[in-house]
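Student: Before I ask anything, let me first share the structure, which is written out below as structure tokens.
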């Protein structure tokens, strides 16, 4: 039974804020105080920038920081995923070097998992890490890497053994993105944005101590990262409030938010913009069309049911349960909502939905919805992958027959050739 209660946490934090909250501090300085005190990531262990609080009490900490107008720790890019993974699988060296600076925002991260030939089949990754001399040498290509052009470090899944089955030959690394041998190339999307990058590795180096756990443990560790990612799927669509005040700390926070959220400006459209459906139906008079009304009703009850399921997942998180297959259920549901919203917006706007710019509905927002929603069925694991996870881990159905699981990866047919 935890000795922490909502009242005790609130009282302790208020006393700490009375002594430490200072509007004259810079953003990094303030966040450093938060990190050292443990209030920045209170659910983490006390030894490593936390306070051993139950996850359910994190809400109390966030409320108290908001009450006095104090910014929280950095949550940009893949820093949250990197932090959670390092806490679970890293060494004290990793925690000491990376966690504090990730909380302050001094270091930024990206996630180096997907590849051109192995996106959904993550275990089929062919980016290779070979141990030569006293270092790991990385060669290969990653793709769909958000904010790689801003990242100081990356969490990297690479193949270290080609002579064992594919899941057993992967290792997990922390890699310096600023070194020679790492090239980041932006990808232009059909909706006009450039949120993602390709990353090319040519003899990039990793010191041996920056492998997490042991060689071959990559798939197990990547699963931890993915469970946290899916539990927080589409978290960037939440409204991030910029404090419109002149003090330095708020100016610096506003600048950081603008940079961090730039790749995600189209994410509300990717989710389908269910919030605009009723408004658009009324504006166009389609709210009186029985066929359109029926599809709107289907969309709304699907969205509401998914919201309730998400609340259950959040409750499980607040109770301290580790993320599990419920993340896949939520992600698949969000994908179905996006498809249904795409369909409804098309019914409402008709051919006008194909227009973009000033002549299009809502200055192009609706057309952006139509060309952005397919992404949600792919990013973070395709719908098909989520269905497999649900069938096997939730419904306990037999696994699909696979021909590439038990044979050495070197012998598995694929689009690339190993050396």
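Student: Out of (1) at pLDDT below 95; (2) in contact with a strand residue (DSSP E or B) (Cβ under 8 Å, 6 or more places away or on another chain); (3) farther than 22 Å from residue 83 by Cβ, the odd one out for residue 283 is which?
Tutor: Condition (2) is where residue 283 drops out.
Student: Do you know which residues across the stretch 100-118 are assigned to a helix (DSSP H, G or I) and either touching a strand residue (DSSP E or B) at 6+ places or on another chain (Cβ under 8 Å) or in contact (Cβ under 8 Å) with a residue 60 or more places away in the chain (or both)?
Tutor: Step one: of the stretch 100-118, the residues assigned to a helix (DSSP H, G or I) are 100-104.
Hits for the stretch 100-118 are 100, 102, 103, 104.
For (1) farther than 18 Å from residue 47 by Cβ; (2) surrounded by 20 or more Cβ atoms within 10 Å (Cβ to Cβ); (3) touching a helix residue (DSSP H, G or I) at 6+ places or on another chain (Cβ under 8 Å), each residue gets a yes or a no:
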position	(1), (2), (3)
72	yes, no, yes
78	yes, yes, no
83	no, yes, yes
91	no, no, yes
97	no, no, no
105	yes, yes, yes
114	yes, yes, yes
118	yes, yes, yes
131	yes, no, yes
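Student: Let me confirm something: among 373, 346, which residue is surrounded by 16 or more Cβ atoms within 10 Å (Cβ to Cβ) and closer than 26 Å to residue 113 by Cβ?
Tutor: Working: 346 fails: closer than 26 Å to residue 113 by Cβ.
On inspection, the qualifying residue turns out to be 373.
Student: Among 338, 353, which is the only one that is assigned to a helix (DSSP H, G or I), over 30 Å from residue 43 (Cα atoms), assigned by TED's automatic domain parsing to the domain that holds residue 375 and more than 28 Å from the chain's Cα centre (by Cα)?
Tutor: Values: 338 fails: more than 28 Å from the chain's Cα centre (by Cα).
Selected residue: 353, the only one of 338, 353 that is assigned to a helix (DSSP H, G or I), over 30 Å from residue 43 (Cα atoms), assigned by TED's automatic domain parsing to the domain that holds residue 375 and more than 28 Å from the chain's Cα centre (by Cα).
Student: Check whether at least one residue in the stretch 34-42 is outside any loop (DSSP other than H, G, I, E, B), touching a helix residue (DSSP H, G or I) at 6+ places or on another chain (Cβ under 8 Å), surrounded by 18 or more Cβ atoms within 10 Å (Cβ to Cβ) and touching a residue at least 60 places away in the same chain (Cβ under 8 Å), and report yes or no.
Tutor: The first filter runs over the stretch 34-42 and keeps only residues outside any loop (DSSP other than H, G, I, E, B), leaving 34-37.
In the following step, the residues that additionally are touching a helix residue (DSSP H, G or I) at 6+ places or on another chain (Cβ under 8 Å) were identified as 34-37.
If we keep only those that are surrounded by 18 or more Cβ atoms within 10 Å (Cβ to Cβ) too, we end up with 34-35.
With touching a residue at least 60 places away in the same chain (Cβ under 8 Å) added as a condition, the list becomes 34-35.
The answer is yes, given that some residue of the stretch 34-42 is outside any loop (DSSP other than H, G, I, E, B), touching a helix residue (DSSP H, G or I) at 6+ places or on another chain (Cβ under 8 Å), surrounded by 18 or more Cβ atoms within 10 Å (Cβ to Cβ) and touching a residue at least 60 places away in the same chain (Cβ under 8 Å).
Student: Oh, and also: Which of the residues belonging to the stretch 119-176 are part of a strand (DSSP E or B), farther than 30 Å from residue 261 by Cβ and touching a strand residue (DSSP E or B) at 6+ places or on another chain (Cβ under 8 Å)? Reasoning before the result, please.
Tutor: Filtering the stretch 119-176 for residues part of a strand (DSSP E or B) gives 128-132, 135-142, 153-159, 170-176.
Cutting the leftovers down to farther than 30 Å from residue 261 by Cβ gives us 128-132, 135-137, 139, 159, 170-171.
128, 129, 130, 131, 135, 136, 137, 139, 159, 170, 171, listed by residue number.
Student: Look at the stretch 160-181 and say how many of its residues are crowded, with 19+ Cβ neighbours inside 10 Å and farther than 22 Å from residue 123 by Cα.
Tutor: Residues in the stretch 160-181 being crowded, with 19+ Cβ neighbours inside 10 Å and farther than 22 Å from residue 123 by Cα: 1 in total.
Student: Quick one: which helices (runs of 4 or more DSSP H) lie wholly within the stretch 241-304 and hold at least 1 residues that are closer than 15 Å to residue 369 by Cβ and touching a residue at least 60 places away in the same chain (Cβ under 8 Å)? Don't jump to the end; show me each part of the working.
Tutor: Working: elements: 248-261, 267-270, 277-284.
In the stretch 241-304, 267-270, 277-284 are the helices (runs of 4 or more DSSP H) which contain 1 or more residues that are closer than 15 Å to residue 369 by Cβ and touching a residue at least 60 places away in the same chain (Cβ under 8 Å).
Student: Looking at 53, 81, can you tell me which residue is touching a strand residue (DSSP E or B) at 6+ places or on another chain (Cβ under 9 Å) and either outside any loop (DSSP other than H, G, I, E, B) or at negative phi (or both)? Can you show your working first?
Tutor: Working: 53 fails: touching a strand residue (DSSP E or B) at 6+ places or on another chain (Cβ under 9 Å).
Step by step, each of 53, 81 is checked, and only 81 is touching a strand residue (DSSP E or B) at 6+ places or on another chain (Cβ under 9 Å) and either outside any loop (DSSP other than H, G, I, E, B) or at negative phi (or both).
The values are calculated or read from the model by the stated rules, or taken from the named source; none is laboratory data. Source: prediction; values computed, not measured. Here Cβ is always computed from backbone atoms with ideal geometry, including for glycine, and neighbour counts include all displayed protein chains.
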